[in-house]
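Contents: one structure, followed by commentary.
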Amino acid sequence: MQKSTNIILLYLVIVNVLTFFVFGIDKWKAKHSRWRISEAALLALAAAGGSIGSWIAMRVWHHKTLHAKFKYGIPLILTLQLALAVVVL
């Protein structure tokens, strides 16, 4: 049980750090008129466990904060993931 818990925690740390930086890269690309990362990809990262990283990134990078699907979607995904964790644990 301990090993699987460690693997899950490691996965969550990695996906959240990755998501945080992907949001930052997309913000940089937006400022420099570069090819952007799709909103679907950003939301998929959040849904894959990176919701905390995306929520923090939205605050730090001030990115996607006015888009309704991010403004309300990321907290919703985070809430659902926390509820799932409570049920599973």
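Remarks
- Hits among lysines - C-alpha to C-alpha of Lys64 under 17 Å, sequence gap 8 or more where chains match: Lys27, Lys29, Lys31
- By average C-beta atoms within 10 angstrom, highest first, the peptides 79-88, 11-20: 11-20, 79-88
- Summing charges over all other residues whose Cβ lies under 11 Å from the Cβ of Trp61, with Lys and Arg as +1 and Asp and Glu as -1, gives +3.
- Relative to the current alpha-carbon distance between Ala85 and Phe21, full extension at 0.36 nm per residue lengthens the span by 20.6 nm.
- Dipole in debye (nearest 20) - the chain, about Cα centre, beta carbon charges: Lys, Arg +1; Asp, Glu -1: 320 debye
- Heavy-atom accessible surface of the chain: percent carbon and sulfur, 1.4 Å: 75 percent
- Cα-based helix-to-principal-axis angle, 73-88 vs the chain, degrees rounded to 10: 10 degrees
- Dipole axis of the chain (+1 Lys, Arg; -1 Asp, Glu on Cβ), positive-most option in Ile52, Ser33, Ser4: Ser33
- Based on protein heavy atoms only, the chain ends up with 69 Å² per residue of surface accessible to a 1.4 Å probe.
- Order by protection proxy (mean Cβ within 10 Å, highest first), peptides 64-72, 29-37: 64-72, 29-37
The values are calculated or read from the model by the stated rules, or taken from the named source; none is laboratory data. Bear in mind the structure is a predicted one, so any value in this text is a computation, not a measurement. Positions of Cβ are generated from backbone atoms using ideal geometry, with glycine treated the same way; all protein chains shown enter the neighbour counts. We work out accessible area using only protein heavy atoms, side chains counted, and drop any ligands, DNA or RNA first. Shrake-Rupley method; radii C 1.70, N 1.55, O 1.52, S 1.80 Å.
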